[in-house]
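These notes concern the structure reproduced below.
Read-outs throughout are calculated quantities, based only on the coordinates presented, and are distinct from any laboratory measurement. Only a predicted model underlies this, so the values are computations on that prediction, with no experimental measurement involved. All Cβ positions, even for glycine, are placed from backbone atoms using ideal geometry, and neighbour counts span all protein chains on display.
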Amino acid sequence: MSLFKKIFGGASDVNNEEKNQETSPFLPDEQLPADELFTQNFRKNGGKFLYCENLPEVHEQFLNILEENDWFECEALCFEPKLYSLLDENRLTHDKPSNPKFLLAGCENLVADEGSVLLSSNQIKQNKPNDLPANIVIFATTSQIVSNKSDGLRVIKKKYDKEYPTNITTIKYFEKAKEEDFLQYGSAPKNLYLLLLEDL
């Protein structure tokens, strides 16, 4: 190494210094796209994620869920007429069920930063999450993924200009915690499947 480089530092020293500045602990981490962040956090929370490219795949994956859990010829809870066809084609009763094995619902949004599902009275009426069946199948699209709850609430406000839904809640825990966590206190974990349809 020449004396000149020792005194003034070489170009490689400058590059290393720039790299160190870029990875400073005081700088925010590089952000993942919302869809990748949602997938990562959703799985971390214990959710079962099924990606579908088209509607026939949604029907096929729904059938796989029914087979996996042996939910044929049982009762299901569903408050959304647009989803009745999925239940009807598999001979599942959804008219005033007394002991439903699972809830089939859409959602308002999928919240990326916490991997949760944002629901309202349009999907669950006035039921609290703890009142819902332990098993839930959610049908959603990739365009419903938002960065955080604030964005989700903003979308709801814009979507329902006049008849704003009530009972807005999120379901975040999809398996029993290995250790008791005060953040989960009062929330029953749900066995949740997500049928995510690509629509972008």
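Quick rundown of the values:
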read-out	value
The stretch 61-155 - percent relative contact order, Cα under 8 Å, separation 6 or more	27
Counting DSSP beta bridges with both ends in the stretch 88-162, the antiparallel % (nearest 5)	35
Charge sum, other residues only, whose C-beta stays under 9 Å from Glu114's C-beta, Lys/Arg counted +1 and Asp/Glu -1	+1
Around Ser143: net Lys/Arg minus Asp/Glu count, Cβ-Cβ under 15 Å	-3
Cross-link pairs beyond the 19 Å C-alpha cut-off, checked among Lys101/Lys128; Lys48/Lys125; Lys48/Lys149	Lys48/Lys125; Lys48/Lys149
C-alpha center-to-center spacing [the stretch 46-102, the stretch 135-172] in angstrom	21
For Val137, residues with placed amide H under 5 Å, excluding near neighbours	Leu103, Leu104, Ala105, Tyr193
Vicinal HN-Hα couplings computed from phi for the stretch 98-103 (Karplus, 6.51 cos²θ - 1.76 cosθ + 1.60; Hz; Gly/Pro x)	8, 9, x, 6, 7, 9
For Leu197, net neighbour charge (Lys/Arg +1, Asp/Glu -1) across residues whose Cβ lies under 11 Å away	-4
Kirkwood Rh in Å, taken over the stretch 42-200 so that all alpha-carbon pairs contribute	16.1
Rounded D (µm²/s) - the stretch 46-86, Kirkwood Rh over Cα pairs, Stokes-Einstein at 37 °C, 0.692 mPa s	282
Ordering of 134-143, 99-108, 49-58 by packing [mean C-beta count within 10 Å, highest first]	99-108, 134-143, 49-58
Antiparallel bridges, percent of DSSP beta bridges restricted to the stretch 29-183 (to nearest 5)	40
